[in-house]
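Notes to accompany the following structure.
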Amino acid sequence: MSFTNYLANIRNSVVSIFEGMAVTFSWMLRRPHTVQYPDKVDKGHELIKEGFRGILEVDVSLCTGCLACQRTCPIGVILVEVSKGTERYITRFDIDAAKCMYCGLCTEACPTNAIRHTKEFAYSVDDIRKLVLHYIKEPVKPYKPVKDATPDNFNAGRFVSEIVKNREKEYVEYEAPSVKIPDGGQTEKEKN
Amino acid sequence: MTLEERLNLVKRENEILLNMGPQHPSTHGVIRFIVRADGEIMVEALPVVGYLHRGIEKLAEQTPYTGFIPYTDRVDYLAAMFANHAYVMGVEKLLGIEVPKRAEYLRVIACELNRIASHLIALGSMAMDIGAFTPFLHGIRERELINDITEMLCGARLTYNYMRVGGVSKDIDDRIIKKINDFLDRFLPGFIDEFNRLITNNEILVKRCVNIATVSADEAINFGLVGPNLRASGVKWDLRKNMPYSVYPELKFEVPVGEGFRGEVGDSYDRFVVRVKEMEESARILKQAVSQLPEGEILAKVPKRIKPPKGEVYSAVESARGELGYYIISDGTENPYRVKIRTGSFSAMKAIHIKSQGCFIADLVVLIASMDIVAPEIDR
């Protein structure tokens, strides 16, 4: 390597380093892209875009008890129990939010939009059992689909349910309500 | 011969055994290399794979065809869209479904966005492994904008699960198109120029990468290298051009190949520059795809329970890490009989083993980073 080459190498290195430094320095004068979370933002939800696939919630008043979501879920997150008899009752609708991978296949399978994603994304709790969300407190009659229903019918009561909000409260042992039906029908639980 | 036997056999005097990984910041995930070194020079770096094996191929046999799409996201977490695309294309071939034109365009848009995001990480982490931390943050910043777009497009930032058999899950709207256009305006040429000034033309990076682990064209083909690694060696092979799928024949773009930008053809620096140029081409494809987006359906008529007829099919896409192929065998039931996944990172591991012989230990990091290895893609 000749002496001129040697000097040219040094010059190139110094020039390219200062060129990079100039780019870095120019960013000190521009607006930052980061947000001081959570200090400068009231709620993380403001940053979340519409259609984000967060924690799952169920509007049980819209559920038809068709079990389509349970069958679609690839990892068995959803557990629905429907009592058999002359009158059907939904006696259990559990979602294991700790196991869920937020793929959204269940929300597409649901005919009435009863199961859907919220924009909730921060769901750390001190007891993993709290993340099993039980949506049925009292037995619920399945929803009868309306003829010529529009998506508005199903989106009317868009809410973040109390069960999703209350997940950080104290852990309570849960037992699915059982239904006694006068004409001798029995719940699926009793059969097993 | 087991690993231990092999190592005992070849361990000679004056050689040291050095364990790199599985938890090493420069191995891009849980990959382990057993380095046999004579002083600073490596005799070989033996890759040990299997630390991230999750049995995804076996899981496919117990999952319905639609239910397996979320699993394909986990094959390559940096470029999940391509895994989605290759798999649903295979199932569509089995079923004989024609995908609507709009859905095909949306797939191309999603995939090219994902390719830019993946290359940004690859380039940034390669610079970081060499010692330059700033380019990584610049790459992450741009990738964040892409993540915002995909969040609006499909609801997730990393494991998209966007494609369905017969189309895509959600339609695009004007807000998202505007966001994509805004991103492209700042990306080409603004960001690329700035990135080149910042790192690509940086003399320290050039000196670290030039003539390191040169893979010639013949060797690259024999190793089974695919994607940017193969093209950096001067082989013009791109599935988007050579085995056209989706709507790529309708879009105009160049295939960048390695030309020996500073040193020999096929060295680590060529692999770096080819990725930068590929990002530019992806941005050009995006511009065309967004402006040509046709109206129409986004999901073809697909039966609710997908039960393809007996048969087998191979479908491959040009992923950010090269040819990503799914070989699907159907036995006429609701679950696939067998799914085999062919990925680019696995064949790159063999190239690393051969090319590490005679390199400095410090250059192994450059070699691994320039091959753009992603650990879950090696093991599945």
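The values are calculated or read from the model by the stated rules, or taken from the named source; none is laboratory data. Nothing here was measured: the structure is a model prediction, and the numbers come from that model. Positions of Cβ are backbone-derived with ideal geometry, glycine not excepted, and every protein chain shown enters the neighbour counts. Remember, those area values only see protein heavy atoms, side chains included, never the ligands or the DNA or RNA. Shrake-Rupley method; radii C 1.70, N 1.55, O 1.52, S 1.80 Å.
Order these peptides, B:245-257, B:191-203, by their mean beta-carbon neighbour count within 10 angstrom, highest first.
B:191-203, B:245-257
Taking the Cα atoms only, what angle lies between the long axis of helix B:268-292 and the longest principal axis of chain B, rounded to 10 degrees?
10 degrees
Going by average Cβ neighbours within 10 Å, how do the peptides B:113-120, B:128-135, A:122-129, B:53-60 rank, with the highest at the top?
Ranked by mean Cβ neighbours within 10 Å, highest first: B:113-120, B:128-135, B:53-60, A:122-129.
With everything on Cα atoms, drop me the angle between helix B:134-154 and the longest principal axis of chain B, reported from 0 to 90° to the nearest 10.
The angle comes out at about 20 degrees.
Run the numbers for residue A:144 and residue A:7: contour at 0.36 nm per residue of separation, minus the present Cα-Cα distance, in nm. Walk me through the numbers before you get to the answer.
Values: separation 137, 0.36 × 137 = 49.32 nm, distance 8.41 nm.
This chain segment gains 40.9 nm when fully extended.
Starting from the Cα gyration tensor of chain B, take the square roots of the eigenvalues, sort them a ≥ b ≥ c, and report rounded, prolate or oblate (rounded when a/c is under 1.5, otherwise prolate if a/b is larger than b/c, else oblate).
Values: a/c = 2.11, a/b = 1.34, b/c = 1.58.
Since a/c reaches 1.5 but b/c is at least a/b, the shape of chain B is classed as oblate.
How big is the convex hull of the Cα atoms of the protein assembly as shown, per residue, in Å³?
In the protein assembly as shown, the Cα hull volume divided by residue count equals 198 Å³.
Quantify, in whole percent, the carbon and sulfur part of the accessible surface of segment B:95-243 (1.4 Å probe; protein heavy atoms only). If you can, show how the numbers build up before the last one.
Working: 2680 of 4950 Å².
Taking all protein chains in place, segment B:95-243 shows 54 percent carbon and sulfur surface.
List the residues, sorted by chain then number, that are 5 or more residues from residue A:140 or on another chain and whose placed amide H is less than 5 Å from its amide H.
For residue A:140, whose amide H was placed from the backbone, the distant partners under 5 Å are A:90.
Average partner chain C-beta neighbours within 10 Å, per residue of B:140-153?
2
Within 10 Å of each Cβ in B:200-211, how many Cβ atoms from other chains are there, averaged over the peptide?
3
Provide the gained length on full extension for the span residue A:50 to residue A:31, in nm with one decimal, where the gain is 0.36 nm per separating residue minus the Cα-Cα distance. Numbers along the way, then the final one.
On the way: separation 19, 0.36 × 19 = 6.84 nm, distance 2.52 nm.
Extra length available between residue A:50 and residue A:31 comes to 4.3 nm.
Can you list the residues, at least 5 places off or on another chain, whose amide H is less than 5 Å from the amide H of residue B:300, using H built in the peptide plane?
Answer set, sorted by chain and number: B:167.
What cysteines in the protein assembly as shown have no other cysteine with a beta carbon less than 4.7 Å from their beta carbon?
So, A:63, A:66, A:73, A:100, A:103, A:110, B:111, B:154, B:209, B:359.
Picking from B:230, A:74, B:290, whose Cα lies most toward the positive end of the charge dipole for the protein assembly as shown (charges on Cβ: Lys, Arg +1; Asp, Glu -1)?
Value: A:74.
Which angle between 0 and 90 degrees, to the nearest 10, do you get for helix B:174-185 versus the longest principal axis of chain B when only C-alpha atoms count?
Rounded to the nearest ten degrees, it is 30.
So, R0 is 51 Å and r is the distance between the beta-carbons of residue B:140 and residue A:61; what FRET efficiency does that work out to, to 0.05?
Given R0 = 51 Å and the Cβ-Cβ separation, E is 0.70.
Applying 1/(1 + (r/R0)^6) with R0 = 45 Å to the Cβ-Cβ distance of residue B:300 and residue B:236, what FRET efficiency is obtained, to the nearest 0.05?
Efficiency, from the Cβ-Cβ distance: 0.85.
Which whole-Hz ³J(HN,Hα) couplings does segment B:35-47 yield from phi under the Karplus relation 6.51 cos²θ - 1.76 cosθ + 1.60, θ = phi - 60°, glycine and proline marked x?
In residue order, the calculated couplings are 9, 9, 10, 10, x, 8, 8, 7, 7, 6, 10, 8, x Hz.
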